[in-house]
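Note sheet for the following structure.
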Amino acid sequence: MSDSLPDEIDVSKPTAARMYDYLLDGRFNHASDRAAVAQLLEIAPSTKELALNNRAFLRRVVEIIVRDYGIRQFVDHGSGLPTQDNVHQVAQRIDPDCRVVYIDNDPHVRAYSGLLLDENPRVALIASDMTLTEQIFAHEDFRSMIDLREPVAALFVSVAHCLTDEQDPFGMIRRTVDALPAGSVVVVCQLVSEDEKVRDGVTRLMQEGTGGRWGRVRTEAEVRAFFDVDRLRIEEPGLRDVTYWRPDREVFPRQRSDEWIEFGGLAVVH
């Protein structure tokens, strides 16, 4: 697989995107990613179930945004590797006119997204750091796809933990909210733990394994602060473990332990 990848991709080192792909039973991962996941599972045994439930949350929240909020355009920050039920696939099953802009600066993501995203005039991938809000909103592909006179769904699903405090995930969310029209929605969730040993252990493992290309596990209070932005109103059922955010079924992978969870929710821009 690596023979066809760009030279800038070093498959000997794990990446968060490929580790997530492995946890989702995907096929765009390598031995380094699988080894890193094995180490991660020693610290946080419930990680696979967490990943599966988080992906289910993404599908569920996109469906709700299209059906209940009537929004037809999405900006998916830190979209990751293409897998089953990507945002555009979920949204366009409900309304084929839905438009999606994916944002990711991982060269592996760019390589495989270019190969696997079907020829689709309503989908674009912008190769950018997701914190560069002004650059993203000014990009030609963004402007051709997203009409800022109409509500937009901005997704930050399981990506804020990939940013250090110095990269300022709070500022990224605030700048995005400032640029969105009223009636838009913002979805934010990230890995949290109230156990300091888990936070420190996972953060150290991920930072060392990815060469510093990772942020940190945070607390629920820190994620709540992401929503403490003018113009944002948190929607029911509030901020919580996303597994239990408006679940559409009672059967889902149960975490065997709760050493960490994916925590967040949806807010409306007013």
Of Ala127, Ala91, the only residue that is without any contact (Cβ under 8 Å) to a residue 40 or more places away in the chain, aliphatic (A, V, I, L, M) and closer than 30 Å to Pro237 by Cβ is Ala91
Out of all the residues in the range 124-154, which are of a type in the set (A, V, I, L, M), surrounded by 16 or more Cβ atoms within 10 Å (Cβ to Cβ) and either over 17 Å from the mean Cα position of the chain (by Cα) or farther than 28 Å from Val11 by Cα (or both)?
Met145, Ile146, Val152, Ala153, Ala154
What number goes with the only condition from (1) assigned to a helix (DSSP H, G or I); (2) at pLDDT 95 or above that Ile71 does not pass?
(1)
Checking Thr203 against (1) touching a Lys or Arg at 6+ places or on another chain (Cβ under 7 Å); (2) over 23 Å from Asp104 (Cβ atoms); (3) β-branched (Val, Ile, Thr), which test does it fail?
(2)
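Only one of Val75, Val66 is surrounded by fewer than 21 Cβ atoms within 10 Å (Cβ to Cβ), touching a residue at least 24 places away in the same chain (Cβ under 8 Å) and touching a helix residue (DSSP H, G or I) at 6+ places or on another chain (Cβ under 8 Å). Can you tell me which? Quick ask: steps written out before the conclusion?
Details: Val75 fails: surrounded by fewer than 21 Cβ atoms within 10 Å (Cβ to Cβ).
Answer to the check: Val66.
Considering only the range 6-36, how many residues are within 25 Å of Trp245 (Cβ to Cβ) and either free of Cβ contacts under 8 Å to residues at least 40 places away in the same chain or not charged (D, E, K, R) (or both)? Full working, then the answer.
First, the residues of the range 6-36 that are within 25 Å of Trp245 (Cβ to Cβ): 16-17, 19-26.
Subset that is either free of Cβ contacts under 8 Å to residues at least 40 places away in the same chain or not charged (D, E, K, R) (or both): 16-17, 19-20, 22-26.
Counting residues in the range 6-36 that are within 25 Å of Trp245 (Cβ to Cβ) and either free of Cβ contacts under 8 Å to residues at least 40 places away in the same chain or not charged (D, E, K, R) (or both) gives 9.
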Can you tell me which of (1) free of Cβ contacts under 8 Å to residues at least 60 places away in the same chain; (2) surrounded by fewer than 20 Cβ atoms within 10 Å (Cβ to Cβ); (3) β-branched (Val, Ile, Thr); (4) touching a strand residue (DSSP E or B) at 6+ places or on another chain (Cβ under 9 Å) is the one Val217 doesn't meet?
(2)
Restricting attention to the range 218-260, the residues that are outside any loop (DSSP other than H, G, I, E, B) and hydrophobic (A, V, I, L, M, F, W, C) number exactly 7
If a residue must be crowded, with 24+ Cβ neighbours inside 10 Å and either over 27 Å from Glu63 (Cβ atoms) or not aliphatic (A, V, I, L, M) (or both), how many such residues does the range 163-175 contain?
1
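Among the candidates Arg213, Arg231, which residue alone is on the phi < 0 side of the Ramachandran plot and among the charged types (D, E, K, R)?
Numbers: Arg231 fails: on the phi < 0 side of the Ramachandran plot.
None of the other options fit; the residue is Arg213.
Of the residues Val177, Val157, Val109, which is more than 14 Å from the chain's Cα centre (by Cα), at negative phi and in contact (Cβ under 8 Å) with a residue 24 or more places away in the chain?
Numbers: Val157 fails: more than 14 Å from the chain's Cα centre (by Cα); Val109 fails: more than 14 Å from the chain's Cα centre (by Cα).
The unique qualifying residue is Val177.
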State yes or no: is Arg213 over 15 Å from the mean Cα position of the chain (by Cα), over 22 Å from Thr243 (Cα atoms) and in a helix (DSSP H, G or I)?
no
Determine if the range 31-44 includes at least one residue that is assigned to a helix (DSSP H, G or I) and within 18 Å of Phe156 (Cα to Cα).
no
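The values are calculated or read from the model by the stated rules, or taken from the named source; none is laboratory data. Treat the numbers as computed from the prediction; the structure is a model and nothing was measured. Reconstructed Cβ throughout: ideal geometry from the backbone, glycine too, with neighbour counts over all protein chains shown.
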